[in-house]
1. Points 7 angstrom from Cα along the Cβ direction at Lys22 and Arg77: gap in nanometres?
2. Please work out the FRET efficiency for the pair Asp64 and Lys13, using the Cβ-Cβ distance as r and a Förster radius of 25 Å; give the result to the nearest 0.05.
3. Kirkwood Rh over alpha-carbon pairs of the chain, then Stokes-Einstein at 4 °C and 1.567 mPa s: what D in µm² s⁻¹, rounded to an integer?
4. What number, in percent, do you get for the relative contact order of the chain if the mean sequence gap of Cα pairs under 8 Å and at least 6 apart is divided by its residue count?
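Taken together, the values in this text are just the output of simple stated rules run on the coordinates, not laboratory data. Source: prediction; values computed, not measured. Using ideal geometry, Cβ is built from the backbone for each residue, glycine included, and neighbour counts are taken over all protein chains shown.
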Amino acid sequence: MSVSPSVEETVKKIVMRIVRKKEDEYSPNATFEDMKADSLDIVQILVAVEDTYDIEIPDEDLEDVTDMESFVTVIERIIAEKE
């Protein structure tokens, strides 16, 4: 499934701001662990994404998240279901 550049770009900015890294260090194949995100960072990322898109990300949807690309795909699906 292809990832929408605008959603990916927004998520990238949110993630990199919270984990305090430069945007050029972002990789769609990176895991939260690769990004050095601790559990508090992950919660902050989820809240920021939910607030940005006015969505709720169910815990069970996060079970299949293996990297940033799959995280973005989950967000896009939830946005599409909301519309």
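1. Roughly 3.5 nm, to one decimal.
2. Working: r = 23 Å, r/R0 = 0.93.
That gives a FRET efficiency of 0.60.
3. The Stokes-Einstein estimate is 102 µm²/s.
4. Numbers: 63 pairs, mean separation 30.5, N = 83.
It comes to 37 percent, rounded to a whole number.
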